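S.K.: Below is a structure I'd like to ask you about.
The values are calculated or read from the model by the stated rules, or taken from the named source; none is laboratory data. What you are looking at is a predicted structure, and each value in this text was computed from that prediction instead of being measured. So basically every Cβ, Gly included, is an ideal-geometry build from the backbone, and we count neighbours across all protein chains shown. Ligands, DNA and RNA are stripped out before the accessible areas are found, and what is left, the full protein with its side chains, is counted by its heavy atoms. Shrake-Rupley method; radii C 1.70, N 1.55, O 1.52, S 1.80 Å.
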Amino acid sequence: LRLNDKLLREPFNAGEPIENLFDRIETCGALAEASDTPYTKPQMINIAYDLLERDILFHTACREWRRKPAGQKSWELLKARFTTEYIDTSRMRDTTGDTG
């Protein structure tokens, strides 16, 4: 269980697809549940937010997320909002990156 918790909290590498982070959190959550020590949905949301907040790419999305009422902070909404931000920032990096 300690290894599962450690894996759950490993930093997110923004060079990887954001789906990898969400899949990792969901997998770790399922393993914890199978071991009768489940994470709650709010815990999973908070862990994901904490990991994403560490990356400047998600500054705007984090600010918006903090301002949401608690009732609007579901796992599905977090995934949707931060996936949109990831796609938008990836596009900006692609258009402002190296030009050769």
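S.K.: If a residue has to be of a type in the set (Ser, Thr, Tyr) and under 21 Å from ARG9 (Cα atoms) to count, how many in the range 51-82 make the cut? Write out each step before concluding.
M.R.: Here is the first cut: in the range 51-82, the residues of a type in the set (Ser, Thr, Tyr) are 60, 74.
The next check asks that each one be under 21 Å from ARG9 (Cα atoms); those that pass are 74.
Total satisfying the criteria: 1.
S.K.: Here's a follow-up. For the range 41-59, what are the residues that are of a type outside the set (A, V, I, L, M, F, W, C) and within 15 Å of LEU78 (Cα to Cα)?
M.R.: LYS41, PRO42, GLN43, ASN46, TYR49, ASP50, GLU53, HIS59
S.K.: Next up: Under 9 Å by Cβ, and 6 or more places apart or on different chains, what pairs join a residue from the range 46-67 that is closer than 16 Å to SER90 by Cα with one that is open to solvent by 70 Å² or more (accessible area, probe 1.4 Å) and modelled with pLDDT of 95 or more?
M.R.: The qualifying pairs are ASP55/PRO11; HIS59/GLU53.
S.K.: Sticking with this structure for a sec: When the range 1-45 is examined, which residues are found to be of a type in the set (Gly, Ala, Ser) and under 13 Å from the mean Cα position of the chain (by Cα)?
M.R.: Scanning the range 1-45 gives a single hit, ALA14.
S.K.: So, one more: Quick check on my filter: what residues within the range 43-62 are over 15 Å from ARG24 (Cα atoms) and open to solvent by 80 Å² or more (accessible area, probe 1.4 Å)?
M.R.: GLU53, ARG54, ILE56, HIS59
S.K.: Filter the range 1-42 down to residues that are of a type in the set (A, V, I, L, M), open to solvent by 60 Å² or more (accessible area, probe 1.4 Å) and assigned to a loop (DSSP other than H, G, I, E, B), then give me how many there are.
M.R.: Adding up the residues that qualify gives 1.
S.K.: Okay, next question. Which count do you get for residues in the range 55-76 that are assigned to a loop (DSSP other than H, G, I, E, B) and at pLDDT 95 or above?
M.R.: 4
S.K.: A further question on this structure: Pairs please, first residue from the range 1-26 and free of Cβ contacts under 8 Å to residues at least 60 places away in the same chain and among the aliphatic types (A, V, I, L, M), second anywhere and open to solvent by 20 Å² or more (accessible area, probe 1.4 Å) and outside any helix (DSSP H, G or I), Cβ atoms under 9 Å, 6+ apart in sequence or on different chains.
M.R.: Here the result reads LEU1/SER35; LEU1/THR37; LEU8/TYR39; LEU21/PHE12; LEU21/ASN13; ILE25/TYR39, each pair linking the range 1-26 to a residue that is open to solvent by 20 Å² or more (accessible area, probe 1.4 Å) and outside any helix (DSSP H, G or I).
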